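The values are calculated or read from the model by the stated rules, or taken from the named source; none is laboratory data. Since we're looking at a predicted model, the values are computed, not measured. All Cβ positions, glycine included, derive from the backbone under ideal geometry; neighbour counts span all protein chains shown.
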Amino acid sequence: MPRPIHAHIHTDALAHNLRRARQCAPDAKVWAVVKANAYGHGIERAYVGLHGADGFALLDLDEARRIRALGWRGPVLLLEGCFEARDLELCSRLGLWHTVHCDDQIDMLAAHKTHAPHHVFLKLNSGMNRLGFTPGTYRSAWQRLSGLTQVDDITLMTHLADADGPRGIHDPLALFEATTHDLPGDRSLANSAATLRFAPGAPAVRGDWVRPGIMVYGSSPDYPAAGIGAWGLQPTMTLAARLIATQQLQAGDRVGYGGIFTAPQAMRIGVVACGYADGYPRVLRADAPVLVDGVRTRLVGRVSMDMITVDLTPVPQAKAGSLATLWGVGPNGSVLPIDEVAAAAGTVGYELMCALAQRVPTVAV
Ligand SMILES: *Cc1c(COP(=O)(O)O)cnc(C)c1O
């Protein structure tokens, strides 16, 4: 028998969450962001739920090839654009749209020989200070690009640094509008946080294309201010494993490496076939939430490579073979949002889902 651990990708939930993005921006087209192997879900599996998107946005040329290999003929956008000149040949061959964020990328385009001119997304640095032209150089970049025979369409784009936080979008939005107001072309600004929090009330945030990622994967961009329930999102990834043993502890017994948990009284614990080599964060400590047979309980002791130990006090009937849900959808309608586990690990849902290990058997359901 294979080790009793699995991940499920919920394709109906992916489709549901994509519809939520559309509801927030009904007059815009929607990029499903599928970078990082669809946030750890697997591009091929995610595609089953997301093929109703208007386009797929990603970073990696190999992932772009995989989307085309699935038969997707619509738009594909490289969010960081080309890394070297020969990437443009693949863009020409596969019909990829690509971001232009620096002069080197314009130089490469100017030297590129192509029959079909390219659709590019010209990126404004609106305060994130990672990629993009500053407001002072953006318009000359636009002029240069629009003079190239290699380019026939320029979408105006920026990425918002704090759409999920207290600073919000006022300043970058004002900067984007001041820089681009009289330039022609489509606009694209909103990630998940901007789509959920600001797009419904602000046409300027919706623009022509929104770019939701994390919300599509059933994680809230502004947890704990709002959880997936409040945003009407559904979990898209479940990580679950079976109990492979139980132990009866007496008061004072210690659990696991380093004995970091001591039983305060007699109690039963379960040993779950999931560890940090499966992508369950080792930094998690006692009290991180876990479901056993759909009942909420907690981690005790240190996370090891292949096992964790959980408190069975709230689930006295649990035994070897019982199901532990580490995040996602449990039995009997129970749910453990990935955001709660991520928060206990001091991180965000993005990191947990992207780190799901290769060795975990994963199926689309
Ligand atoms: C990753 C990414 C997104 C999606 O961000 P989420 O927070 O996951 O919605 C949108 N735009 C760009 C440029 C990105 O790199």
In the stretch 172-206, residue nearest to Val348 (Cα to Cα) [restricted to those that are within 12 Å of the ligand (Cβ to nearest atom) and either over 23 Å from the mean Cα position of the chain (by Cα) or assigned to a loop (DSSP other than H, G, I, E, B) (or both)]: Asn191
Search result, residues across the stretch 227-251 that are more than 18 Å from Trp327 (Cα to Cα) and part of a loop (DSSP other than H, G, I, E, B): Gln250, Ala251
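Across the stretch 255-276, which residue is surrounded by the most Cβ atoms within 10 Å (Cβ to Cβ) among those that are part of a strand (DSSP E or B) and within 37 Å of the chain's Cα centre (by Cα)? Explain how you work it out, then say what you get.
Applying the first criterion (part of a strand (DSSP E or B)) to the stretch 255-276 yields 255, 261-262, 267-272.
Right, trim to within 37 Å of the chain's Cα centre (by Cα) and you get 255, 261-262, 268-272.
Values: Val255: 21, Phe261: 21, Thr262: 14, Arg268: 17, Ile269: 26, Gly270: 25, Val271: 22, Val272: 28.
The residue in question is Val272.
Just checking, which of Phe83, Phe56 is aromatic (Phe, Trp, Tyr) and part of a strand (DSSP E or B)? Can you show your working first?
Working: Phe83 fails: part of a strand (DSSP E or B).
Every option except Phe56 fails the conditions.
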Cβ pairs under 6 Å, 6+ apart, first in the stretch 255-267 and β-branched (Val, Ile, Thr), second surrounded by 12 or more Cβ atoms within 10 Å (Cβ to Cβ): Val255/Phe261; Val255/Val300; Val255/Gly301; Val255/Thr309; Ile260/Arg302; Thr262/Arg254
Hits in the stretch 38-58 - residues which are surrounded by fewer than 20 Cβ atoms within 10 Å (Cβ to Cβ) and either among the polar types (S, T, N, Q) or within 13 Å of the ligand (Cβ to nearest atom) (or both): Gly55
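Considering every residue within the stretch 208-222, establish whether at least one is within 21 Å of Ala15 (Cβ to Cβ), out of contact with any Cys (no Cβ under 6 Å at 6 or more places or on another chain) and basic (Lys, Arg).
Pass one, the stretch 208-222, residues within 21 Å of Ala15 (Cβ to Cβ): 209-221.
Retained after the next criterion (residues that are out of contact with any Cys (no Cβ under 6 Å at 6 or more places or on another chain)): 209-221.
Now restrict to residues that are basic (Lys, Arg): 211.
The answer is yes; a qualifying residue exists.
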Cβ-Cβ under 6 Å pairs, at least 6 apart or on other chains, the stretch 344-363 side outside any strand (DSSP E or B), far side of a type in the set (S, T, N, Q) and modelled with pLDDT of 95 or more: Gly349/Ser219
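Can you say whether His115 is touching a strand residue (DSSP E or B) at 6+ places or on another chain (Cβ under 7 Å) and of a type outside the set (A, V, I, L, M, F, W, C), as far as the supplied structure shows? Outline the logic, then answer.
Working: touching a strand residue (DSSP E or B) at 6+ places or on another chain (Cβ under 7 Å): no; of a type outside the set (A, V, I, L, M, F, W, C): yes.
Considered against the rule, which asks whether it is touching a strand residue (DSSP E or B) at 6+ places or on another chain (Cβ under 7 Å) and of a type outside the set (A, V, I, L, M, F, W, C), His115 comes out as no.
To keep it simple, each residue is scored yes or no on (1) over 18 Å from Leu90 (Cα atoms); (2) surrounded by fewer than 21 Cβ atoms within 10 Å (Cβ to Cβ); (3) among the β-branched types (Val, Ile, Thr).
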{"position": "Gln105", "(1), (2), (3)": "no, no, no"}
{"position": "Leu109", "(1), (2), (3)": "no, no, no"}
{"position": "Lys113", "(1), (2), (3)": "no, yes, no"}
{"position": "Leu122", "(1), (2), (3)": "yes, no, no"}
{"position": "Arg139", "(1), (2), (3)": "yes, yes, no"}
Selection within the stretch 86-126 - touching a residue at least 12 places away in the same chain (Cβ under 8 Å), more than 13 Å from the ligand (Cβ to nearest atom), assigned to a loop (DSSP other than H, G, I, E, B) and over 20 Å from Arg65 (Cβ atoms): Cys102, Ala111, His115, Pro117
Lone qualifier among Ala64, Ala7 - being assigned to a strand (DSSP E or B), at pLDDT 95 or above and away from the ligand (no atom under 14 Å from the Cβ): Ala7
Which listed residue, of Leu90, Leu70, is over 16 Å from Gly218 (Cα atoms), touching a Cys at 6+ places or on another chain (Cβ under 9 Å), among the aliphatic types (A, V, I, L, M) and at pLDDT 95 or above: Leu90
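Can you pull out the residues in the stretch 215-227 that are surrounded by 24 or more Cβ atoms within 10 Å (Cβ to Cβ) and at negative phi? Spell out the reasoning first.
Just the residues of the stretch 215-227 that are surrounded by 24 or more Cβ atoms within 10 Å (Cβ to Cβ), to begin with: 215-221.
Listed by number, the residues that qualify are Met215, Val216, Tyr217, Ser219, Ser220, Pro221.
I'm trying to understand the selection: among the residues of the stretch 14-28, which are within 15 Å of Ala190 (Cα to Cα) and within 14 Å of the ligand (Cβ to nearest atom)? Don't jump to the end; show me each part of the working.
First, the residues of the stretch 14-28 that are within 15 Å of Ala190 (Cα to Cα): 18, 20-28.
Answer for the stretch 14-28, where residues must be within 15 Å of Ala190 (Cα to Cα) and within 14 Å of the ligand (Cβ to nearest atom): Leu18, Arg20, Ala21, Cys24, Ala25, Ala28.
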